[in-house]
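Participant: Please find one structure pasted underneath; my questions will follow.
The values are calculated or read from the model by the stated rules, or taken from the named source; none is laboratory data. Predicted model only: the values in this text are computed from it and were never measured. Heads up, the Cβs are rebuilt from the backbone with ideal geometry, glycines too, and the neighbour counts pull from every protein chain shown. Calculation scope for accessible area: heavy atoms of the full protein, side chains included, ligands and nucleic acids excluded. Shrake-Rupley method; radii C 1.70, N 1.55, O 1.52, S 1.80 Å.
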Protein chains: 2
Amino acid sequence: MINRLVSKIQKLNAPVVVGLDPMLGYVPEFIQKKAYAEYGETLEGAAEAIFEYNKGIIDATYDLIPAVKPQIAMYEQFGIEGLHAFKKTVDYAKSKDLVVIGDIKRGDIGSTSSAYAVGHLGGVKVGNTLCRAFDEDFVTVNPYLGSDGVNPFIDVCREEGKGIFVLVKTSNPSSGEFQDQMTGSRPLYELVGEQVAKWGETHMGDSYSYVGAVVGATYPEMGKILRKLMPKTYILVPGYGAQGGKAADLAPYFNEDGLGAIVNSSRGIIAAYKQEKYKEYGEQNYADASRAAVMDMIEDITSAVFR
Amino acid sequence: MINRLVSKIQKLNAPVVVGLDPMLGYVPEFIQKKAYAEYGETLEGAAEAIFEYNKGIIDATYDLIPAVKPQIAMYEQFGIEGLHAFKKTVDYAKSKDLVVIGDIKRGDIGSTSSAYAVGHLGGVKVGNTLCRAFDEDFVTVNPYLGSDGVNPFIDVCREEGKGIFVLVKTSNPSSGEFQDQMTGSRPLYELVGEQVAKWGETHMGDSYSYVGAVVGATYPEMGKILRKLMPKTYILVPGYGAQGGKAADLAPYFNEDGLGAIVNSSRGIIAAYKQEKYKEYGEQNYADASRAAVMDMIEDITSAVFR
């Protein structure tokens with residue numbers, strides 16, 4: 001799957017991923033109204049609204065981008081019904097040949113991480129039948145519990161040809177509170193980064209590992225160091241755009257082969273129609289606004305990074 | 001809710017919580033067969049089996065224990081259907097007046113943590129209607145992203161009178177890989193523990209905070225230090241029993257008031273019928289075996305801790 005992701009990035013010349021994080025506040029009113037008319041102002045109504053919204057964005061952008069990254073929390077807040085919309089979004093994106101990165105940030109003790117791994121990347125045995133639940137291509141993983149929380153994911157990835165992105169340095173303002181703590185001569189995120197590189201050696205694709213890392217766009221100096229510590233690690237970069245990360249800062253996240261990083265934008269793409277720049281599209285054409293924003297993002301990043 | 005938990009613990013003289021982590025391998029064959037006969041060897045069949053299994057255990061133990069702790073991964077592995085069984089388990093336990101600790105170990109950047117918080121502890125606005133999704137009483141939270149990943153949970157807890165347990169030192173063998181790293185003069189878990197105590201000051205119950213901590217039974221020396229660092233923090237202690245934690249080691253997790261800790265056992269209770277000690281009950285009476293194991297656990301802990 002990492003080979004497939006890399007080849008799609010190369011083919012499209014688009015090291016980007018669209019974050020499908022549908023807050024209800026982003027969903028155009030005409031979509032919400034239609035869903036509530038059919039299902040009421042219920043969790044089911046909300047789930048229907050966010051799926052329809054996602055579908056419009058996927059339809060308008062799938063030929064430009066290698067991957068989407070649905071953030072499961074935005075679905076989980078609507079309970080079972082919301083998670084059903086998550087699953088429908090995963091399946092719909094896959095039907096459009098997109099790579100799907102489930103942003104789930106799970107991580108637990110061994111047997112429990114195994115359950116998350118089979119539920120999201122693999123299959124679970126029911127009686128004599130192998131059943132698949134969410135079936136994303138990649139997921140994000142929280143490393144706080146150490147190797148025996150991460151290895152069960154890698155085991156399933158090896159069987160399934162799938163991958164993970166492990167949180168190393170997150171994009172949020174307080175990420176430094178624990179991640180930047182000096183452990184001996186280096187901060188914790190470097191130690192985690194080194195460990196990610198080690199975990200990655202056990203499951204390599206052609207030129208990059210199936211074990212990737214998450215490093216926020218908002219900390220480019222740290223990105224530069226981590227890039228060197230993890231040369232074979234694909235870096236998923238959140239924080240571009242709405243969170244403040246700039247294209248000019250992204251060059252250090254890439255290797256000299258022009259690969260090694262994939263930059264996420266969520267709000268900046270999916271709620272583009274709300275921005276001054278794209279408001280001419282109007283709410284009805286929110287998906288066209290998203291398409292325009294994707295094209296601008298690809299241009300912004302490739303021109304800044306590959307000058 | 002922390003006041004309610006404390007008062008239930010006192011009334012029952014039972015500082016214990018039963019972990020409802022239903023691996024299919026624990027579920028007696030007669031329950032599995034019945035579920036598969038009705039729903040096939042499907043995710044739905046598995047979900048039905050684990051709910052029936054849980055229901056039997058809750059019915060047999062609810063009068064002895066203050067709380068249950070369903071581990072969501074064990075349900076999530078069965079997808080939407082499994083999460084439906086999770087929700088049914090939460091609701092059924094609440095109908096028996098049990099406090100429900102959702103072991104979800106979520107944690108993300110601010111707006112995303114907010115979505116998890118409203119989905120699991122609060123309510124989400126759909127149109128003009130407030131809808132509730134999973135609605136547990138407490139959840140566990142991963143602190144790797146720092147304050148802005150944890151505060152959204154505390155905000156919802158304050159509105160709802162609910163609580164969280166933040167991972168400080170987990171029970172698994174490799175938990176030390178990052179958690180034990182020395183940051184200046186003290187290990188990371190102490191720093192996290194201090195921060196948990198600080199977060200807790202902002203949302204206090206009568207004698208303990210609504211912000212608790214997770215500290216594994218398998219590291220009693222660290223438990224002793226953390227108890228002192230976080231005097232007003234309730235400690236959820238996993239790792240007793242099947243994972244190797246012994247009752248004699250648990251005393252340091254408690255305060256002099258005999259409170260301050262609640263000890264979890266999962267496999268040791270829910271799969272008791274598989275142990276030599278309880279095998280006389282037989283598979284059909286698995287729930288009675290669980291009841292006996294709960295009584296033994298309470299006796300084991302109270303006699304070792306409150307000598």
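Participant: Condition first: open to solvent by less than 10 Å² (accessible area, probe 1.4 Å) and among the aliphatic types (A, V, I, L, M). Now tell me which residues in the stretch A:223-240 satisfy that.
Facilitator: Across the stretch A:223-240, the qualifying residues are A:L226, A:M230, A:I235, A:L236, A:V237.
Participant: If you scan the stretch B:57-91, which residues turn out to be within 10 Å of another protein chain (Cβ to nearest Cβ), of a type in the set (F, W, Y) and either open to solvent by 10 Å² or more (accessible area, probe 1.4 Å) or part of a helix (DSSP H, G or I) (or both)?
Facilitator: Within the stretch B:57-91, B:Y75, B:F86 qualify.
Participant: Right, next: Quick test for you: out of A:G122, A:G110, pick the one residue that is of a type outside the set (V, I, T), surrounded by fewer than 24 Cβ atoms within 10 Å (Cβ to Cβ) and at pLDDT 95 or above.
Facilitator: Values: A:G110 fails: at pLDDT 95 or above.
Only one candidate qualifies: A:G122.
Participant: Given the criterion of a type outside the set (S, T, Y) and without any contact (Cβ under 8 Å) to a residue 24 or more places away in the chain, identify the matching residue among B:L43, B:L83.
Facilitator: One residue alone meets the criteria, B:L83.
Participant: Still on this structure: I'm told A:V166 meets every condition in (1) assigned to a helix (DSSP H, G or I); (2) within 11 Å of another protein chain (Cβ to nearest Cβ); (3) open to solvent by less than 10 Å² (accessible area, probe 1.4 Å) except one. Can you identify the failing condition by its number?
Facilitator: (1)
Participant: If I go through the stretch A:10-23 residue by residue, how many of them are open to solvent by less than 10 Å² (accessible area, probe 1.4 Å) and either among the hydrophobic types (A, V, I, L, M, F, W, C) or free of Cβ contacts under 8 Å to residues at least 12 places away in the same chain (or both)?
Facilitator: The number of residues fulfilling the criteria is 5.
Participant: Scan the stretch B:39-56 and tell me whether some residue there is of a type in the set (D, E, K, R) and not in a helix (DSSP H, G or I).
Facilitator: Within the stretch B:39-56, one or more residues are of a type in the set (D, E, K, R) and not in a helix (DSSP H, G or I).
Participant: Can you tell me which residue in the stretch A:187-202 is surrounded by the fewest Cβ atoms within 10 Å (Cβ to Cβ), limited to those that are at pLDDT 95 or above and away from every other protein chain (no Cβ under 14 Å)? First the steps, then the outcome.
Facilitator: Taking the stretch A:187-202 as the starting set, the residues that turn out to be at pLDDT 95 or above are A:187-201.
Within this subset, residues satisfying the condition of being away from every other protein chain (no Cβ under 14 Å) are A:197, A:200-201.
Numbers: A:A197: 18, A:G200: 26, A:E201: 10.
Selected residue: A:E201.
Participant: Does any residue of the stretch B:35-46 turn out to be more than 9 Å from chain A (Cβ to nearest Cβ), among the hydrophobic types (A, V, I, L, M, F, W, C), closer than 24 Å to A:S113 by Cβ and surrounded by 19 or more Cβ atoms within 10 Å (Cβ to Cβ)?
Facilitator: no
Participant: Please give the number of the condition A:K198 fails out of (1) in contact (Cβ under 8 Å) with a residue 40 or more places away in the chain; (2) among the basic types (K, R); (3) more than 27 Å from A:K246 (Cα to Cα).
Facilitator: (1)
Participant: A further question on this structure: Being at pLDDT 95 or above and over 18 Å from A:G107 (Cβ atoms) narrows it down to one residue among A:G184, A:G149, A:G205; which is it?
Facilitator: On inspection, the qualifying residue turns out to be A:G205.
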